[in-house]
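We did not get these values from a lab; they are worked out from the coordinates using the rules stated. Here the structure is a predicted model, which is why all the values come from computation and not from measurement. Because the Cβ atoms are built from the backbone with ideal geometry, glycine has one as well, and the counts that use them run over all protein chains shown.
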Amino acid sequence: MKSELVAAPAMLGMLGGGQLGRFFVIAAHEMGYQVTVLDPSKDSPAGKIADVHLCAAYDDATALAEMAKTCAAITTEFENVPAETLETLAEKTTVKPAAASVAVAQHRVLEKNFIKEAGLPVAPFAVVKSESDLPADDSDLYPAILKVARFGYDGKGQARVKNKAEALAAFADFKQSECVLEKMMSLDLEVSVVLVRDAQGEVMSFPTVENQHLNGILDISIAPARCSDIVKARAQGLAKKLAEALDYVGVLAVEFFVVGQDILVNEIAPRPHNSGHYTIDGCVTNQFEQQVRALVGLPLGSTDLHSKSVMVNILGDSWLDGAEPAWQKAFAHANVKLHLYGKPEARKGRKMGHFTVIDKDQKAALNTALITRGELNIGL
Ligand code: ADP
Ligand code: MG
């Protein structure tokens, strides 16, 4: 991998045109760079604001050749970009993170085995390739969650099962594609760590953030997490260890389950993460600027949290009666920062935007977040 400095106003490449890509484009523009986005949809949030939008599939040879020719460095916002695409591009230009790191996050079995082999704790699980891999009712794994190995996100491709009969039915629903059957843990808390690692191996981590999910989708992130310093520090240490084991370069997110004093790795994302959106308003450098910095070979920025932050996701459900939510209610709060992703169509469960409350006081931030979500009719 080449790692010399790519100076502005170079053209950078982004694989994926979702909201994460959009924030990358914004950060790159602020820093004087241009961005080419590859995304197959006409109306993608990042494609709309990019300097160049290549509207093509992630394995389109012509589009990839164009990207390799015109982009000085390329990254991704979407872990399901084929690893071969990253490999092909890396033959011609700088690509971070490396295809091998992304490939680990693309497949739950590879991911869990990698985490275990790196010596980090995970919830008990079994690999399910065929019906005969599903354990009998007396297994300790039940109650469990059956998760498809590939292409699951936001709780999609997951089923909660109490016994073998339910597991068999869910496996059939998933068309018998490879799965992991994971023991349902009794979670005290979920936290995550977003970090950035540069080509020299320097790591800068954002604070451990607390995440609350609704129906398998992130709902609220609270920074810093409301848990003991020991748990927070252990999450930081485990995330760093994983980044090093992967020899990772770029922004990496690691999700954890907290069970008593134990902390288990849930999953990793080879990109900025929804639970790091609070860094846009709450930190000296946000996760997307760090992504640009790591990609172009600039020194990493400060990850200091300057304000207590609470981020609330806004899903398409808030539009379901057809009307646009009353955004002026959010703008009426001086310390609420609204971010909308410019998606043309609001669908149930689709991430349309978020807002972050920043405050000196964590309880006040939480309180304003709850009031604002009530005013916007979010998640009620
Ligand atoms: P996704 O790729 O959809 O984010 P996750 O594996 O992170 O998939 O699961 C989504 C959410 O479902 C988790 O954040 C957690 O709230 C819940 N969940 C997943 N696995 C378990 C488990 N083994 N025990 C308890 N809750 C779980
Ligand atoms: Mg997750």
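Do you know the relative contact order of region 58-191, to the nearest whole percent, from alpha carbon pairs under 8 angstrom that are 6+ apart?
Working: 184 pairs, mean separation 29.3, N = 134.
Relative contact order comes out at 22 percent.
The relative contact order of the chain, computed from alpha carbon pairs under 8 Å that lie at least 6 residues apart in sequence, is 14 percent. Among residues other than Thr76 with Cβ under 15 Å from its Cβ, the summed charge is -3 (Lys and Arg +1, Asp and Glu -1).
The magnitude of the dipole of region 275-380, with charges of +1 and -1 set on the Cβ of Lys/Arg and Asp/Glu and taken from the Cα centre, is near 160 debye. Charged neighbours of Asn274, selected by a Cβ distance under 14 Å, balance to -4 (K, R count +1; D, E count -1).
How many percent of the alpha carbon pairs in region 89-211 exceed a separation of 19 Å? Roughly 58 percent, once rounded to a whole number.
Packing, taken as the mean count of other beta carbons within 10 Å per residue, orders the peptides 270-276, 85-91 from highest to lowest as 270-276, 85-91.
Taking other residues whose beta carbon is less than 9 angstrom from the beta carbon of Thr36, and scoring Lys, Arg as +1 and Asp, Glu as -1, yields -2. Looking at region 2-114, the DSSP beta bridges with both ends there are about 0 percent antiparallel. The Kirkwood radius of region 1-131, taken over pairs of alpha-carbon atoms, gives through the Stokes-Einstein law at 20 °C and 1.002 mPa s a diffusion coefficient of 136 µm² s⁻¹.
Based on Cα contacts under 8 Å between residues 6+ apart, region 128-208 shows a relative contact order of 32 percent. For the chain, a crude dipole built from +1 on the beta carbon of Lys and Arg and -1 on the beta carbon of Asp and Glu, taken about the Cα centre, is about 420 debye to the nearest 20. Set the Cα radius of gyration of region 160-273 against 2.2 N^0.38 Å, with N its number of residues, and you get 1.21. The separation of region 108-150 from region 344-358, counted between C-alpha centres, amounts to 32 Å.
For region 287-336, what log10 I(q)/I(0) values come out of the Debye formula at q = 0.19, 0.23, 0.26 1/Å, with one point per alpha carbon and no solvent? The Debye formula, applied to the Cα set alone, gives -0.83, -0.91, -1.00.
Express in % the proportion of alpha carbon pairs of region 232-380 at distances exceeding 23 Å. Result for the distance tail: 47 percent. Averaging over all projection directions, the Cα-based convex hull of the chain occupies 18.5 nm² in the image plane. For region 7-56, the alpha-carbon radius of gyration amounts to 0.98 times the rule-of-thumb value 2.2 N^0.38 Å expected for a compact globular protein.
For region 309-358, trypsin sites (Lys or Arg not before Pro) are listed when DSSP marks them as loop and at most 14 other Cβ atoms sit within 10 Å of their Cβ; the list is Arg347, Lys348. Looking at the chain, send over the antiparallel percent of its DSSP beta bridges, to the nearest 5. The answer is about 80 percent antiparallel.
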